[in-house]
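Just below is one structure, and these are the notes that go with it.
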Ligand code: NOJ
């Protein structure tokens, strides 16, 4: 077994269900590693770190968008779905990356962004110079404005990033024109998914990347593709409030409409053209009981469950969420997914380090309100947040199903709270005039070395400023420290691979504030959410998230036991 080819065929099998209990590591390409010294992470940078990725013991990487983009929304504004941003690399480099990751036994998931393109996409550029009612306009959602001269938006819906969800264009003859719908930034026009041409173009994109060897897709805002702009909803200002009443029946004008499932049933046919079939995971911030069809085997196979991410570090809440989601998975045959951090939310050690009152909220806004005031590192419980964060992670890695890990969490990184306003990039910050801090704080380039202009990220600076405290969290520093967060993640992931069996979990009796469960094969996980040490159950202690206190499990700590 001397060639990459033979290693690959040994490590990566054709198991069609490889993803069901995978540990997936999310790479935000612009902030992972910079191979050409322009301050922006790239494919060459990732290729240079494949050994590092292999050392983590992960099963797959998920690459956030690397497509050509003007970066109005961190790459989720795509100019061309079947190409690579020249600042990030080339298709040839992409092929090398896939081959090297596969050789290392790591599968590749790419991000697909079907709800909207960027305003620089050739189709949108064509739409704005084409006449009203043309085929080109019909690929997006154009409407006449209201008011005497169409000077008012078609309705009062707002963008999730702040401001109106409608933008008026200037017609080719220079007159004020129609309005287009954008649920996200102005530069992200929503596609018209009733248009067969749009549907077919995405089938082509799925095949394009599948043919290049990618193993799966993370589907951005999967629940929003189908819309009903029926005038009956006109005048309803607050989509969130509207959501409360309509969310549960598939009738919301833009979220989670029942027709969206037709799209994914067709995508499944494409996934199944490949051996093994391509996997997919839906990103959908909808109530978990509505996730089942997305995650079914007739559609995407998996959907992110963000319930744990939204929860405080609390035993009762964790137990209720885990139990409910395992029940749902058992009913539908989908595999569960678990995640605490990603590129949209305040990093979980930081959330858990916030004062109690600041820990409640939803989606990426948890903690963001508080961080606005300056935040890190002085005003946060840095050590406590990380202690609770690693306890939660070790619990998550003990659960049946897939675990999604976000780059930098294996280093115990906190959110970067103090990025100057003139260096921020997130449209949320700008569209709310800075009243919402946005997501840049979890997207700061990784520290690889404790010194240098970019802590080893590249040779010349970074596109978002790194704080001085990143030095203590650098990969090379943690590599050398056997008690580092990095080595804790490595140990957990390697043990998990060894211990992970059938997707079953049995709750065991535990005192208040403690969760204790057994997995098949004698593997037990116990998490002490309280502040005080507790006695450990009988068995061999395989690892703990914090050092034992004598022979007891420390407060806010998780242990893995072989009973
Ligand atoms: C979800 C992505 O994770 C987020 O980063 C992006 O801003 C929106 N979708 C819009 O694409």
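Throughout, read-outs are computed from the coordinates displayed, never taken from laboratory work. In this text the structure is predicted, and so the values were computed from the model without any measurement. Cβ atoms come from the backbone with ideal geometry, glycine included; neighbour counts cover every protein chain shown.
In nm, what is the difference between 0.36 nm times the number of residues separating residue 562 and residue 449 and their Cα-Cα distance? Walk me through the intermediate numbers first.
Details: separation 113, 0.36 × 113 = 40.68 nm, distance 3.61 nm.
Full extension from residue 562 to residue 449 adds 37.1 nm.
Among 418, 509, 215, what is the fewest-to-most ranking by other Cβ atoms within 10 Å? Don't skip to the answer; put the middle values down first.
Numbers: 418 13, 509 7, 215 26.
So the ranking, lowest neighbour count to highest, is 509, 418, 215.
Once you keep just the Cα pairs under 8 angstrom separated by 6 or more residues, what percentage relative contact order results for the chain?
13 percent
As an exercise, find the ratio Rg/Rh for the chain from alpha-carbon atoms, using the Kirkwood inverse-distance average for Rh. Present the calculation step by step, with values, prior to reporting the outcome.
Details: Rg = 23.4 Å, Rh = 24.4 Å.
Taking Rh as the inverse mean 1/r over Cα pairs, Rg/Rh reads 0.96.
Just how far, in whole angstrom, is region 380-422 from region 265-295 if you go by their alpha carbon centroids?
When both Cα centres are located, 27 Å separates them.
Using only the Cα atoms of region 504-562, build the gyration tensor, take square roots of its eigenvalues as a ≥ b ≥ c, and label the shape rounded, prolate or oblate: rounded if a/c is under 1.5, else prolate if a/b is larger than b/c, else oblate. Working shown, then result.
Values: a/c = 2.10, a/b = 1.36, b/c = 1.55.
The shape class here is oblate.
Return the FRET efficiency for the residue pair residue 320, residue 48: r is the Cβ-Cβ distance, R0 is 41 Å, and the value is rounded to the nearest 0.05. Intermediate results must be reported in sequence, preceding the final value.
Numbers: r = 43 Å, r/R0 = 1.06.
Efficiency, from the Cβ-Cβ distance: 0.40.
Which shape class applies to region 1-101: rounded if a/c is under 1.5, otherwise prolate when a/b exceeds b/c and oblate if not, where a ≥ b ≥ c are the square roots of the Cα gyration tensor eigenvalues?
Numbers: a/c = 1.96, a/b = 1.65, b/c = 1.19.
Prolate is the answer for region 1-101, as a/c is 1.5 or above and a/b outweighs b/c.
What is the antiparallel percent of DSSP beta bridges lying wholly in the chain, to the nearest 5? Walk me through the intermediate numbers first.
Values: 31 of 57 bridges.
Around 55 percent of the beta bridges assigned by DSSP in the chain are antiparallel ones.
Can you give me the relative contact order of region 53-175 as a percent, contacts being Cα pairs under 8 Å and 6 or more apart?
Working: 145 pairs, mean separation 23.9, N = 123.
About 19 percent, as a whole number.
Once you sort the root eigenvalues of the Cα gyration tensor of region 122-181 as a ≥ b ≥ c, which label holds: rounded (a/c under 1.5), prolate (a/b larger than b/c) or oblate (the other case)? Don't jump to the answer; show the numbers that get you there.
Details: a/c = 2.04, a/b = 1.30, b/c = 1.57.
Oblate shape, in that a/c is at least 1.5 and b/c is the bigger or equal ratio.
With angles folded into 0 to 90 degrees, how steeply does helix 196-211 sit against the dominant principal axis of the chain? Use alpha carbons for both and round to 10.
Helix 196-211 and the main axis of the chain meet at about 40 degrees.
Given a Förster distance of 51 angstrom, what is the FRET efficiency for residue 383 paired with residue 143, based on the Cβ-Cβ distance and rounded to 0.05?
Values: r = 53 Å, r/R0 = 1.04.
The calculated FRET efficiency here is 0.45.
Helix-only mean residue ellipticity at 222 nm, the chain, DSSP H runs n ≥ 4 weighted -39,500 (n - 2.57), per residue, nearest 500. What is it? Walk me through the numbers on the way to the answer.
Values: 17 runs with 152 residues, N = 563.
Value at 222 nm, helices only, nearest 500: -7500 deg cm²/dmol.
Can you sort 289, 121, 414, 343 so the residue with the fewest Cβ neighbours within 10 Å comes first? Before the final figure, lay out the partial values.
Working: 289 10, 121 24, 414 28, 343 21.
The most exposed by this proxy come first: 289, 343, 121, 414.
Between residue 532 and residue 435, what is the label-point separation in nm under the 7 Å Cα-to-beta-carbon projection?
4.5 nm
Sequence gap at least 6, Cα distance under 8 Å: using those rules, report the relative contact order of region 122-181 to the nearest whole percent.
Numbers: 93 pairs, mean separation 18.4, N = 60.
Reported relative contact order: 31 percent.
Report the calculated FRET efficiency for residue 549 and residue 123 (r = Cβ-Cβ distance, R0 = 60 Å), to the nearest 0.05.
On the way: r = 61 Å, r/R0 = 1.02.
Plugging the Cβ-Cβ distance into 1/(1 + (r/R0)^6) gives 0.45.
Fewest Cβ neighbours within 10 Å first, please rank 223, 55, 494 accordingly. Each step should come with its number before you reach the end.
Numbers: 223 23, 55 17, 494 13.
Final ranking by Cβ density, sparse to dense: 494, 55, 223.
With angles folded into 0 to 90 degrees, how steeply does helix 260-271 sit against the dominant principal axis of the chain? Use alpha carbons for both and round to 10.
Taking the Cα atoms of the chain, the angle to 260-271 is about 70 degrees.
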